[in-house]
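Asker: Following this message is one structure expressed as structure tokens.
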Amino acid sequence: ISRFSPVLMVVDFLNIEHKKRKLTEDEDVFFSTGFDYIYDNFHLINTLFEFTFKKDMKEMEKLAKTINLLLYVNEFIDEAKTNELTDNEIKPLLELKGKIIQDIDSHKNIEDEYFVYVNETVDNLFASHNIELHTIDEIYYEIAQEYGIYDDNDLNIYNDILNAQINKTRKGSLK
């Protein structure tokens, strides 16, 4: 969930600001891009929850690292396509996405070496095309800092509170 924190904070901040004043063009882009990012990722997570895991949160949580990897691989693929890389150029990422989906469908966590493989593949792919890659959460972290929404300690506190609430909810639903 921490990967969404900066995006959620910026979108929430801009939603509040929108009620006070007209947002700038950049702020409109920040809001709509962040909102779409949150929507798309939560839609995928919800789809997995409902159809792959049959609404079994405990079973889904067992594959959290694999689902998180899928979200990152999707983001890398989107960024590559935004930079007009062809399907052939991003074939290793597309194949990996297929492998991750297969593992999720089989309720199996992907092997740890795939995380190293993703890092190496992404680094090599983007470097070979002179593309500087920044993930959405990194970009929104910087935006949040520019707006003074939080400092580093505030984000940690926010994540601690959010995770405590999630754990409390899980314990309550497991009774």
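Only the coordinates and a few stated rules stand behind these numbers; no lab work does. All values reported here derive from a predicted model rather than from experimental measurement. Cβ sites come from the backbone with ideal geometry, for glycine too, and all protein chains shown count toward neighbours.
Asker: Take the alpha-carbon centre of the range 62-105, take the same for the range 1-56, and report the distance between them in whole Å.
Answerer: A separation of 20 Å, based on Cα centres.
Asker: Could you tell me which of the pairs K55/K108; K58/K99; K55/K91 are separated by over 24 angstrom between their Cα atoms in the structure shown?
Answerer: K55/K91
Asker: Next question. What residue among D137, D112, D40 shows peak mean-square fluctuation when the chain is described by a Gaussian network model with Cα springs under 10 Å?
Answerer: Looking only at D137, D112, D40, the biggest GNM fluctuation is shown by D112.
Asker: Let me ask something else. Only four residue types carry charge here, +1 at the Cβ of Lys and Arg and -1 at the Cβ of Asp and Glu. Report the dipole size of the range 2-173 about the Cα centre in Debye, rounded to the nearest 20.
Answerer: 1080 debye
Asker: Taking the range 2-44 as the region of interest, what is the percent of Cα-Cα pairs per 10 angstrom bin, listed from the shortest bin to the one with the maximum distance?
Answerer: Once binned at 10 Å, the Cα pair distances of the range 2-44 give 30, 54, 16, 1.
Asker: Right, here's the next one. What net charge is computed for the residues neighbouring N15, neighbours being all others with C-beta under 15 Å from the C-beta of N15, Lys and Arg scored +1, Asp and Glu -1?
Answerer: Once all neighbours under 15 Å are counted, the net charge is -1.
Asker: Out of all Cα-Cα pairs in the range 27-86, roughly what percent, to the nearest whole number, are more than 16 Å apart?
Answerer: 55 percent
Asker: Could you tell me which of rounded, prolate or oblate describes the chain, using a ≥ b ≥ c as the square roots of the eigenvalues of the alpha-carbon gyration tensor, with rounded for a/c under 1.5 and, failing that, prolate when a/b is larger than b/c and oblate otherwise?
Answerer: Oblate.
Asker: Per the helix-only calculation at 222 nm, which mean residue ellipticity applies to the chain, given -39500 (n - 2.57) for every DSSP H run of n ≥ 4 and division by its residues, nearest 500 deg cm²/dmol?
Answerer: Result for the chain, helices only: -24500 deg cm²/dmol.
Asker: Going by the alpha-carbon gyration tensor, a ≥ b ≥ c the square roots of its eigenvalues, is the range 1-100 rounded (a/c under 1.5) or, if a/c is not under 1.5, prolate (a/b greater than b/c) versus oblate?
Answerer: Because a/c hits 1.5 or more and a/b fails to exceed b/c, the range 1-100 counts as oblate.
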